[in-house]
Amino acid sequence: MNKQIYVEETELHSNKGRRDFLKICSVVLSSLIGVAYAVPLIRTFISPALRQTVSGSTGLIELGSISSCQVNVPMNVKIVDAKTDAWTKFPPMEIGAVWIIMNEDKKFTAFTSICPHLGCGINWDEGSGKFICPCHDSFFDIEGRVLSGPSPRGMDTLETEIKDGKIFVKYEKMRLGISGKMPA
Ligand code: FES
C-alpha cells in the first residue's frame, strides 16, 4: 500500500517537473520570438535619430561652368542644395553663397560670403577692389586677407575642384568670432 502511494507521488512530482520545464521552455521561446520581431522594428524607428543630422550636402556642389569666370573678377554664386535631417528630405533651397575668383594662372579660389566676425554677408566693391562687410566695416583684399575692421581672420576659403569644365565647391560654414578657421 505504502509502496503504491510512493509510486503515485513520484509520478505526480515528475509530471509537475515536466510541466514546469515546458512552461519555462515556452516562456523562453516566446521571449526569443518577441526579441526577433522587436529589434528590426526598433531599429527602423530609432536609426534615423542616431544618424548624423545633415544640413545640406557634405560633398561637392556644382557651381557652373568655368567659362563664365573672368580673371580677377569675383563672382558671387548662390549655393543651392537639398537639406536632409533624420526623417525628412527637403526640396533644394538656397543654403548660402560663395565668392569665386579666377587668377591669371587660371587657378580658382572660393570664399564663403559669410563674414568671420559675426556672420553678415560680404560684398565685393568693384570701385575700391575690396571685399567689404557692411555690418561693422571689415575690409578684405581680393585674396581674402583682412585689411581693416573687427574681423578676427581673413575670409574663409573652401575646397574647390574643376571637372569637365565645371567648378565644384565643398560648402562649409565656419565658426565665427575666432582667429582660427574651424568648421561650425
Ligand atoms: S559681421 Fe562683418 S564686420 Fe562684423
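The values are calculated or read from the model by the stated rules, or taken from the named source; none is laboratory data. Keep in mind that this is a model prediction, so the values were computed, not measured. For neighbour counting, all protein chains shown are included, and Cβ atoms are generated from backbone atoms with ideal geometry for every residue, glycine included. The protein model used for the area step is the full one, side chains on, heavy atoms only, and it has no ligands, DNA or RNA in it. Shrake-Rupley method; radii C 1.70, N 1.55, O 1.52, S 1.80 Å.
List of remarks:
- Count of the range 104-126 residues which are surrounded by 13 or more Cβ atoms within 10 Å (Cβ to Cβ) and either out of contact with any Phe, Trp or Tyr (no Cβ under 8 Å at 6 or more places or on another chain) or not assigned by TED's automatic domain parsing to the domain that holds V146 (or both): 10
- Subset of the range 122-161 [more than 13 Å from the ligand (Cβ to nearest atom), among the charged types (D, E, K, R) and out of contact with any Leu (no Cβ under 7 Å at 6 or more places or on another chain)]: D125, E126, E143, R145, E159
- Inspection of the range 100-112 identifies at least one residue that is at pLDDT 95 or above and within 16 Å of the ligand (Cβ to nearest atom).
- Checking each residue in the range 162-181 for being surrounded by fewer than 12 Cβ atoms within 10 Å (Cβ to Cβ) and either away from the ligand (no atom under 16 Å from the Cβ) or closer than 24 Å to K107 by Cβ (or both) picks out K163, D164, G165, G180.
- Taken together, the criteria place G119 among residues that are within 18 Å of I95 (Cβ to Cβ), assigned to a loop (DSSP other than H, G, I, E, B) and near the ligand (Cβ under 10 Å from one of its atoms).
- Meets criteria (assigned to a strand (DSSP E or B) and open to solvent by 60 Å² or more (accessible area, probe 1.4 Å)) for L147: yes
- Residues of the range 150-173 classified as assigned to a loop (DSSP other than H, G, I, E, B) and of a type outside the set (D, E, K, R), total: 7
- Count of the range 77-99 residues which are at pLDDT 90 or above and in contact with a Ser or Thr (Cβ under 7 Å, 6 or more places away or on another chain): 4
- For the range 70-100, taking the residues that are touching a Lys or Arg at 6+ places or on another chain (Cβ under 9 Å) and in contact (Cβ under 8 Å) with a residue 40 or more places away in the chain, the one that is most open to solvent (accessible area, probe 1.4 Å) is identified as I95.
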